[in-house]
1. Which residues does the label zone of A:Asp91 cover in region A:247-261, counting backbone N under 17 Å from a point 7 Å along Cα→Cβ?
2. In nm, to one decimal, how far is the A:Lys147 label point from the A:Trp22 one, both placed 7 Å along Cα→Cβ?
3. In the neighborhood of A:Leu96, defined by Cβ-to-Cβ distances under 12 Å, what is the net charge if each Lys or Arg adds +1 and each Asp or Glu adds -1?
4. Suppose we look only past 15 Å in the calculated P(r) of region A:124-177. What percent of the Cα-Cα pairs does that tail hold?
5. Quick one: pull the percentage of alpha-carbon pairs in region A:73-115 with a separation above 16 Å.
6. Mind putting together the pair-distance distribution for the protein assembly as shown? All Cα pairs, 10 Å bins, whole percent per bin, short to long.
7. Can you list the HN-Hα couplings for region B:11-24, worked out from phi with the Karplus curve (6.51, -1.76, 1.60; θ = phi - 60°), rounded to whole Hz and with x for Gly and Pro?
8. So what's chain B giving for Cα Rg divided by 2.2 N^0.38 Å, two decimals?
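None of the figures in this text is laboratory data; all of them are computed from the coordinates on show. The model shown is predicted, which means the values in this text are computed figures rather than measured ones. A quick note on method: Cβ atoms are made from the backbone with ideal geometry, for glycine too, and the neighbour counts reach across all protein chains shown.
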Amino acid sequence: MSPLVLAAGGEGFTPPGPEDFWWPIVGSNTSNWTLTRPAVMVLLSVVLIGWFFLAATKRRSLVPGKLQFVGEGIYGFIREGIGRDLIGSKDFRRFLPLLFTQFTLILVNNVFGIIPFVQFPTMSRIGFPIGLTIITYLVFHAVGLRKKGVVGYLKDLVPPGLPSWIVPFIFLLEFVDKFITRPITLSLRLFANMFAGHLLLLVFILGAEHMILDLGPGFKVVGLLSAVLAVVMTFFELLVEVLQAYIFTLLTALYIGGALAEEH
Amino acid sequence: MTGNLNLVGYGLSAIGPGVGIGLIFAAYINGVARQPEARGMLQPIAFLGFALAEALALFGLVLAFVL
């Protein structure tokens, strides 16, 4: 993107763009094997989650303490609210580890986006959502194929009771949806939400900084407004981040449940 | 002032999903207001619809940067 020069200000202001998401720490700028900031953060999140849930389950008691209460609350939410409701009470148990891991990992990595000093959503690098999506994609097709066999799984794409001339079209539509659209939207949704949210915060904060520090008194007022909006948007981001972790897990459970379902 | 027309196009393309998400949640709120005990069943459906409508806006966002 070309730099946007404000008409009134003498100095140029470079708006934030996709290049603000590239944070190499160790290694060259162009290599494929560069250690980047999100890579360090995803490791940090694994350590944090592991530490938290080990601490929460260390001294289990019938009357839960604070940590145990929070841990059980998150687990119960995934188990009852997502697993049991969407996969069905018969099969949901064996998918709980996957759903629970996805939810906590995405949640912590998303919330990193607004925690001071960390302040970068890991999932705004497309590689991380793609990795998570590949796992979901393999799992829901694998359980469907294992349960119904290749022919049964493909036959199950079309709901029963349709007039025969429409079946090929529906089959094509459903095939494209299940094998192509689903993985693309699943990874893009998480990536684009985090990317757009972080970019929005950058626009407000960098804009406020530029207007307050570099421009005239009229702009200082606008800059202050922009800073206030940045705070409001930070809270909005928290909402979006939690929601996206929920939606990713929800869709994983929904896809698994759909692959396991007997009849439409 | 220079800029990129792609972003104007993205703004226009975001109208549709915006309206769609509004309709989805309006229906969800209506449903819960009429039958509060159906909330648990409606919530995943509402969020699924929200996610699908939102995906369209996100395609627009990605294309705005890619094209």
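1. Those under the cut-off are A:250-261.
2. For the pair A:Lys147/A:Trp22, the computed spacing is 4.4 nm.
3. Summing Lys and Arg as +1 and Asp and Glu as -1 gives +2.
4. It works out to 60 percent of all Cα pairs.
5. Of the Cα pairs, 37 percent sit more than 16 Å apart.
6. 5, 20, 30, 25, 14, 6, 1, 0
7. x, 5, 5, 7, 4, x, x, x, 4, x, 5, x, 4, 4
8. 1.46
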